Amino acid sequence: MKISRRSLARGLAAAGTETLKVTARVYGDGSLPFTFTKGRDSQQLSWSNGRGDVDGEGSYDRMHGSTWDKPGCTSPAKSTKKIEIAKPIPARGEKMRRAIDWFATLASLALVAAGVCAAQSVIRPGEPWLDSRGQRIQAHGGGITVWKGTYYWFGEDRSQANDPEKRYVACYLSRDLVHWKFRRQVLVLADPEHLGPHWVLERPKVFANPSTGKFVMYAHLDDAPYKLARVMVAVSNRIDGTYTYVRSFRPLDEESRDIGQFVDDDGSAYLIFESRPTKGFFLAKLTGDLMSVEKTSFIPAPLEGGALVHYGNLYYVVGSHMTGWRPNPNVYATAPALTGPWTEFKNLAPPEANNYDSQSTMLLKVKGSKTTTVIFMGDIWRPRELWDSRYVWMPLEMDDGSMHLPPPQLWTLNVKTGESAIQANGK
């Protein structure tokens with residue numbers, strides 16, 4: 001729960017002092033100490049973390065109900081910081097002990113720092129993206145699953161400290177698609193089928209089954225020479241819980257390497273998989289229990305990195321050419337239905353840009369109260385240092401059958417309204 005003005009006032013009073021200290025975890029900054037201080041007016045309150053970058057002031061009467069409702073800002077130019085967990089700093093004395101008691105039940109303190117009045121969160125394509133611990137997000141070749149109003153980002157965890165004999169999938173959660181909290185490595189898997197050295201687990205995607213409350217993870221499973229060409233299935237009772245390996249198989253009895261995920265507006269879930277011998281890729285609807293697939297559509301185009309979105313009256317599919325780790329011009333096609341007919345493929349960006357060195361992994365639709373934004377999610381692969389691979393997320397320019405990926409720039413997103421905006425002169 002969030003801090004109430006009554007608890008704050010009582011905590012300060014119980015301390016018998018003008019100040020009360022707490023520790024709090026700030027998105028991207030780790031744990032920091034904060035000091036709350038009474039103002040000359042008994043209704044005024046200020047806070048500081050001692051560094052000058054998370055300071056502000058407000059008043060009790062601006063804190064409505066049980067939540068802290070946007071106090072005034074002292075430095076509008078600075079960006080918002082969100083405090084995720086707050087607890088008192090231990091101190092001697094009975095008065096401080098009573099103060100600690102008042103704060104012991106705090107689970108979430110939304111501390112509005114400089115700039116909350118008008119600040120928006122910024123996405124920075126191609127730059128290192130840090131999680132709630134201040135560490136690089138490890139979600140390569142990943143996908144987003146929306147569950148109960150929260151976004152969960154799953155992807156390959158290529159952390160340098162990982163055991164090289166195992167494969168890892170990490171999970172992060174967010175409510176705004178900008179600030180991501182690390183949950184855990186939801187899959188830590190030793191070689192499940194005697195695949196041999198340098199075995200492969202790539203592009204994990206998680207589907208939610210609302211009817212059963214189960215969660216099913218698919219991923220590309222292979223041996224080092226990429227001859228196995230199968231999908232792996234793992235399951236969990238919690239979306240961010242530990243996933244247990246179940247089996248691997250070739251969907252529709254076809255070779256499968258790069259996979260993608262798609263959930264249509266009616267909730268139907270689909271697996272996208274590239275099948276090299278067919279010189280094309282499949283859109284395969286998942287069965288009711290999400291544990292297998294049934295054929296929906298085949299697109300005769302030798303592409304990988306398949307991604308799909310339903311926007312307006314059309315389906316848009318994106319893929320990349322097969323050039324290994326090297327970037328290439330990604331392309332798209334459209335159709336009125338998943339079964340086609342599909343148009344000829346066109347370039348998503350100027351071909352000389354090589355898709356801005358990125359490869360498609362997912363098209364994410366954010367439908368808000370005012371408009372809908374479709375986000376291109378791509379990976380900038382660094383094969384010699386996979387842990388340092390970056391992400392290109394950009395809002396696509398969509399217009400009745402056309403789709404364009406603009407150059408990577410700073411941009412903002414409001415998931416509630418669905419509005420996105422590229423910053424002027426953003427790089």
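No lab work stands behind these numbers, since they all come straight from the coordinates. Small disclaimer: the values here were computed from a predicted structure and weren't measured. When we count neighbours, we look across all protein chains shown, and the Cβ atoms used for this are built from the backbone with ideal geometry, even at glycine.
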Using amide H atoms built in the peptide plane, which far-off residues or other-chain residues are under 5 Å from Gln261 H to H? Ile272
Using each residue's phi in the stretch 377-384, evaluate 6.51 cos²θ - 1.76 cosθ + 1.60 at θ = phi - 60° and report the 3J(HN,Hα) Karplus result to the nearest Hz, with x for Gly and Pro. 10, x, 10, 9, 7, 10, x, 7
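When you count, for each residue, the other Cβ atoms within 10 Å and take the mean per peptide, how do 159-166, 215-222, 302-309, 196-203 rank with the highest first?
Numbers: 159-166: 10.8, 215-222: 24.8, 302-309: 22.8, 196-203: 17.0.
Result, highest mean Cβ count within 10 Å first: 215-222, 302-309, 196-203, 159-166.
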For the charge dipole of the stretch 129-422, defined by +1 on Lys and Arg C-beta atoms and -1 on Asp and Glu C-beta atoms about the Cα centroid, which residue among Val293, Ile272, Thr242 has the Cα displaced farthest towards the positive pole? Thr242
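What is the calculated FRET efficiency for Val122 to Lys346, with r their C-beta to C-beta distance and R₀ = 45 Å, to the nearest 0.05?
Computed FRET efficiency for Val122 and Lys346: 0.90.
What do you get for trypsin sites (Lys or Arg not before Pro) in the stretch 367-410 restricted to DSSP loop and a cutoff of at most 11 other Cβ within 10 Å of the site's Cβ?
Values: sites: Lys367, Lys370, Arg384, Arg390; in loops: Lys370.
Here the trypsin sites (Lys or Arg not before Pro) that fit, given the DSSP loop and packing criteria, are Lys370.
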Distribution output for the stretch 310-374: share of Cα-Cα pairs per 10 Å bin in percent, first bin at 0, values 20, 43, 31, 5, 0
Indicate the gyration tensor shape class of the stretch 129-422 (rounded, prolate or oblate), computed on the Cα atoms with a ≥ b ≥ c the square roots of the eigenvalues: a/c under 1.5 is rounded; otherwise a/b larger than b/c is prolate and the rest oblate. rounded
Can you work out ³J(HN,Hα) from phi for every residue in the stretch 270-282, in order, using Karplus 6.51 cos²θ - 1.76 cosθ + 1.60 and θ = phi - 60°, giving whole Hz and x for Gly and Pro? 9, 9, 9, 9, 8, 10, 4, x, 7, 6, x, 9, 10
Can you classify the stretch 307-427 as rounded, prolate or oblate using the Cα gyration tensor, where a ≥ b ≥ c are the square roots of its eigenvalues, rounded means a/c under 1.5, and otherwise it's prolate if a/b beats b/c and oblate if not? oblate
